[in-house]
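What follows is a short report on a single structure.
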Amino acid sequence: MNDKMKVRTRFAPSPSGFLHVGGARTALFNYLYAKAKGGDFILRIEDTDKERSTDSSIHTILESMKWLGMDWDEGPEKGGEYAPYKQSERIEIYQKYTEKLLAEDKAYRCFCTPEELEDRKQKSDSIGIYDGKCSHLSGEEIETKLTNKIPFSIRFRTPAKKLVVDDLIQGKVKFETKLLGDFVIVKSDNFPTYNYAVVVDDYLMKITHVIRGVGHLPNTPRQVVIHEALGFELPVYAHVSEIVGTDGKKLSKRAGATSILAFRDLGYLPECFMNYMSLLGWMPEDEQEYIPQDKLKQIFDVKKCSKSPATFDVFKKLKEGEQVDFNSLDINSLAEFLNPKSKLNWLSNKYIRDVDLDYLVKTLVPFLKNDQTIPDRVKDASSEELKSIVDSIRVYLDRLSQAPDYISEFFNNEIYFENAETKELILNGNGRLVSSKFFEIIKSETPSSPDDYKSMISKTSEETGEKGKNLFMPIRAITTGKSHGLELPVLFCLLGKDKLLQRMKFIGKQIELEF
Ligand code: GLU
């Protein structure tokens, strides 16, 4: 490609399952690179494997892309100059090129059955390379077989040569094409194979950069020789590093190759998840990992990606021998496997603190749906009451799905001690005295801001002589029944004096402490 060409990248998923982190990261790097270069990002559905492709998979892939905010410029639902963007609708296009290859003897029909191929493979010591049985059939032989309707596939006549692919990330990679053999480019059902369709489409769709997982590097020489045979200019290749789990092993079903939509349901914001994924194999020059989307779209550069595997640290390392299929877990069970110290959680907390409050509340409302303690009037994005509560609790959240527990705190008046240890916080030492004094002070004053409550806690300290833990823990326990949670002055202020006193009475009764 020359420098004046508009950058065009593509994400080309095979719709045989959901979109997982590996695929989404590939999509993201293509998206960001196109955006950073003022180019176009194309979505193409590679559904030539009839057996494995499903419409529901296409649906989840599109839904995941939309959730992440990776808006494609051309593709399904959008159309574009090079439509259709679904390979199963492009069969005639591939046929045209196949005829050309056949006419130029760069491809040939192979009438061997799968059973014959397997049988010969077992008997030979080759590594599964086609033995070329049909490579030199005479015109007559071919005609007879065609007349007899013998099914055939089409094989590419691979020229034996040394190839060097100059990869933007992996550097110069050498290949010997004779190790590829004459591979199939059109299956007996007339559908092209992946390696063939991808070449025709990348060319026709004017793709300038092919950015994809390093697992596709071994496919690249096949694609290069087809490009050359058809006289197509090569795109620039960039193969991004593998993603490994916290255990250092390739992400698999067990180690967390979870659907992208699970991260939405776990309560991560899409902007945050995008930021997190951008760091899987790439790092900005200033090494600042919190990168708002506008900036990401400007500074991302695929050339700066690393060759080393990237660690997806979102889930805890499983114990030796522990077997879990992450995709069969419901969201609450999946949440148990989250690594609380992940980079994702760290970033997520930053995003939840920083994003626009109205947007945060709107995104959070669906998570409140099943909480019975929270009144319906509050489960509404326009509720001012909800907004002020969310604003006061956002600093505590790593995920939106943690919000109901905090929010219900404001509406639950029948609070019980979470456990015996929390009770002990009041029963031991000066806990009773601290609790009573605090009650009296609040009762006799008219607090209206978190600062007012702060000074009342200080006053309790002066009057009881208790400080630090011995002061705060009993106050927390008598007001919340818990040993940790929201910042107390903020909570008290949002509850208001009357509710706070009522709560203390209710909790106090459980330990025979009457105020
Ligand atoms: N359909 C291929 C896949 O899902 C695309 C590979 C490519 O980007 O060339 O892995």
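The values are calculated or read from the model by the stated rules, or taken from the named source; none is laboratory data. These figures come from a predicted structure and were not determined experimentally. Using ideal geometry, Cβ is built from the backbone for each residue, glycine included, and neighbour counts are taken over all protein chains shown.
Identify, by number, the condition in (1) aliphatic (A, V, I, L, M); (2) touching a helix residue (DSSP H, G or I) at 6+ places or on another chain (Cβ under 8 Å); (3) buried (at least 16 other Cβ atoms within 10 Å of the Cβ) that residue 324 doesn't meet. Answer for residue 324: the failing condition is (2).
Taking the criterion of being more than 16 Å from residue 204 (Cβ to Cβ) and outside any helix (DSSP H, G or I), the residues of the range 219-237 that qualify are 236, 237.
So, residue 22, is that one touching a residue at least 12 places away in the same chain (Cβ under 8 Å), of a type outside the set (Val, Ile, Thr) and not in a loop (DSSP other than H, G, I, E, B) or not? For residue 22, the condition - touching a residue at least 12 places away in the same chain (Cβ under 8 Å), of a type outside the set (Val, Ile, Thr) and not in a loop (DSSP other than H, G, I, E, B) - is met.
Taken over the range 121-148, the criterion of being of a type in the set (A, V, I, L, M, F, W, C), in a loop (DSSP other than H, G, I, E, B) and closer than 18 Å to residue 188 by Cβ is satisfied by 134, 137. Just one of the listed residues (366, 340) is within 24 Å of the chain's Cα centre (by Cα), within 20 Å of residue 485 (Cβ to Cβ) and either part of a helix (DSSP H, G or I) or touching a residue at least 24 places away in the same chain (Cβ under 8 Å) (or both), namely 340.
Residues in the range 170-218 that are hydroxyl-bearing (Ser, Thr, Tyr) and within 12 Å of the ligand (Cβ to nearest atom) were compared, and the one that is surrounded by the most Cβ atoms within 10 Å (Cβ to Cβ) is 196.
Residue count for the range 1-52, restricted to those that are over 17 Å from residue 70 (Cα atoms) and either hydrophobic (A, V, I, L, M, F, W, C) or in contact with a helix residue (DSSP H, G or I) (Cβ under 7 Å, 6 or more places away or on another chain) (or both): 8.
Condition (residue is on the phi < 0 side of the Ramachandran plot, of a type in the set (Phe, Trp, Tyr), surrounded by fewer than 16 Cβ atoms within 10 Å (Cβ to Cβ) and part of a loop (DSSP other than H, G, I, E, B)) applied to the range 277-291: is it met by at least one residue? Walk me through how you get there before you give the answer.
From the range 277-291, those on the phi < 0 side of the Ramachandran plot are 277-280, 282-286, 288-291; that's our starting set.
Subset that is of a type in the set (Phe, Trp, Tyr): 282, 290.
Add one more test, that the residue is surrounded by fewer than 16 Cβ atoms within 10 Å (Cβ to Cβ), and what stays is 290.
Subsequent filtering for residues that are part of a loop (DSSP other than H, G, I, E, B) retains 290.
Within the range 277-291, one or more residues are on the phi < 0 side of the Ramachandran plot, of a type in the set (Phe, Trp, Tyr), surrounded by fewer than 16 Cβ atoms within 10 Å (Cβ to Cβ) and part of a loop (DSSP other than H, G, I, E, B).
Residue 56 meets the conditions (1) within 16 Å of the ligand (Cβ to nearest atom); (2) out of contact with any strand residue (DSSP E or B) (no Cβ under 7 Å at 6 or more places or on another chain); (3) within 21 Å of residue 258 (Cβ to Cβ) in every case but one. The failed one is (1). The listed residues are 252, 241, 188, and the only one of them that is of a type in the set (Ser, Thr, Tyr) and more than 26 Å from residue 27 (Cα to Cα) turns out to be 188. If we keep just the residues of the range 53-71 that are touching a helix residue (DSSP H, G or I) at 6+ places or on another chain (Cβ under 7 Å) and of a type outside the set (S, T, N, Q), which is farthest from residue 267 (Cα to Cα)? It comes out as 70. The sole residue among 380, 330, 356 that is without any contact (Cβ under 8 Å) to a residue 24 or more places away in the chain and more than 24 Å from residue 395 (Cβ to Cβ) is 330. Selection of helices (runs of 4 or more DSSP H) fully inside the range 372-441 by the criterion of at least 1 residues being among the aromatic types (Phe, Trp, Tyr) returns 403-408. I'd like the residue in the range 219-250 that is within 12 Å of the ligand (Cβ to nearest atom) and free of Cβ contacts under 8 Å to residues at least 40 places away in the same chain and, out of all such residues, is surrounded by the fewest Cβ atoms within 10 Å (Cβ to Cβ). Checking each candidate, the answer is 219. The combined condition, being modelled with pLDDT under 95 and touching a helix residue (DSSP H, G or I) at 6+ places or on another chain (Cβ under 8 Å), is not fulfilled by residue 367.
For the subset of the range 72-117 comprising residues that are within 39 Å of the chain's Cα centre (by Cα) and loosely packed, with under 13 Cβ neighbours inside 10 Å, which member is nearest to residue 274 (Cα to Cα)?
Restricting to residues being within 39 Å of the chain's Cα centre (by Cα) and loosely packed, with under 13 Cβ neighbours inside 10 Å, the top hit is 77.
Determine whether residue 50 is basic (Lys, Arg), within 16 Å of the ligand (Cβ to nearest atom) and surrounded by fewer than 22 Cβ atoms within 10 Å (Cβ to Cβ). Criteria met by residue 50. Flag not set for residue 37, criterion: free of Cβ contacts under 8 Å to residues at least 24 places away in the same chain, away from the ligand (no atom under 14 Å from the Cβ) and more than 23 Å from residue 194 (Cα to Cα). For the range 1-23, the tally of residues that are away from the ligand (no atom under 12 Å from the Cβ) and hydrophobic (A, V, I, L, M, F, W, C) stands at 5.
Would you check if there is a residue in the range 194-209 being within 30 Å of residue 369 (Cβ to Cβ) and touching a residue at least 60 places away in the same chain (Cβ under 8 Å)? No: zero hits.
Give 410, 506, 438 a once-over and let me know the one that is aromatic (Phe, Trp, Tyr) and modelled with pLDDT under 95.
Sole residue among the options that is aromatic (Phe, Trp, Tyr) and modelled with pLDDT under 95: 410.
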